[in-house]
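Asks: Once you've had a glance at the structure underneath, I'll fire off some questions.
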Amino acid sequence: MTDADLDRSYSALCEALTRVGEDKAPLFLSMLCLSLISRLQQADEVLPLMGHAERQCADGAGDGR
C-alpha cells in the first residue's frame, strides 16, 4: 500500500468512525476487523498482527501516554 493509499484509508476510517458515533465504534471496528481478517489466507498472517496490537494496548499506545 502506498503512503497515499494509507492516508486515504486512514482518513476514511476516521470519517466512518465519526459517522457511526462513539457508542457504535467498537461494533464497527469489530466488523471491519473480521472483514479484513477474512481476506487473509492463513491464521499465521493474522495472529502476529493481533499480538502486536495487543502489546501496543498493554504498553499504553493510543491513550495519551
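The values are calculated or read from the model by the stated rules, or taken from the named source; none is laboratory data. Owing to the predicted nature of the structure, the values given are computational and were not obtained by experimental measurement. Cβ sites come from the backbone with ideal geometry, for glycine too, and all protein chains shown count toward neighbours.
Asks: Can you list residue pairs whose Cβ atoms sit under 8 Å apart, with the first residue in segment 54-65 being farther than 17 Å from Cys33 by Cα and the second being at pLDDT 95 or above and polar (S, T, N, Q)? Count only pairs 6 or more apart in sequence or on different chains.
Replies: Hits for this filter: Gly62/Gln56.
Asks: Can you confirm whether segment 40-48 contains a residue that is more than 13 Å from the chain's Cα centre (by Cα) and of a type in the set (Val, Ile, Thr)?
Replies: Among the residues of segment 40-48, not one is more than 13 Å from the chain's Cα centre (by Cα) and of a type in the set (Val, Ile, Thr), which makes the answer no.
Asks: Could you list, in sequence order, all residues of segment 18-37 that are hydroxyl-bearing (Ser, Thr, Tyr) and farther than 20 Å from Glu54 by Cβ?
Replies: Matches in segment 18-37: Thr18 only.
Asks: Which of the numbered conditions does Gln41 fail, given that it passes all the others? Conditions: (1) of a type outside the set (D, E, K, R); (2) surrounded by 10 or more Cβ atoms within 10 Å (Cβ to Cβ); (3) part of a loop (DSSP other than H, G, I, E, B); (4) at pLDDT 95 or above.
Replies: (2)
Asks: Mind checking which pairs have a first residue in segment 1-17 that is closer than 13 Å to Leu32 by Cβ and a second that is of a type in the set (A, V, I, L, M) and surrounded by 10 or more Cβ atoms within 10 Å (Cβ to Cβ), Cβ under 7 Å, 6 or more apart or different chains?
Replies: Matching pairs, first to second residue: Leu17/Ala25.
Asks: Another question about this same structure. Assuming Cys14 fulfils every condition listed in (1) in a loop (DSSP other than H, G, I, E, B); (2) within 15 Å of the chain's Cα centre (by Cα); (3) not aliphatic (A, V, I, L, M) apart from one, which condition is it?
Replies: It fails just one condition, (1).
Asks: Now, a different point. If you go through segment 53-65 one residue at a time, how many are surrounded by 10 or more Cβ atoms within 10 Å (Cβ to Cβ) and either touching an Asp or Glu at 6+ places or on another chain (Cβ under 9 Å) or assigned to a helix (DSSP H, G or I) (or both)?
Replies: Going through segment 53-65 one residue at a time, the tally reaches 5.
Asks: Looking at segment 19-37, can you tell me whether even one residue there is surrounded by fewer than 10 Cβ atoms within 10 Å (Cβ to Cβ), at pLDDT 95 or above, outside any helix (DSSP H, G or I) and among the basic types (Lys, Arg)?
Replies: no
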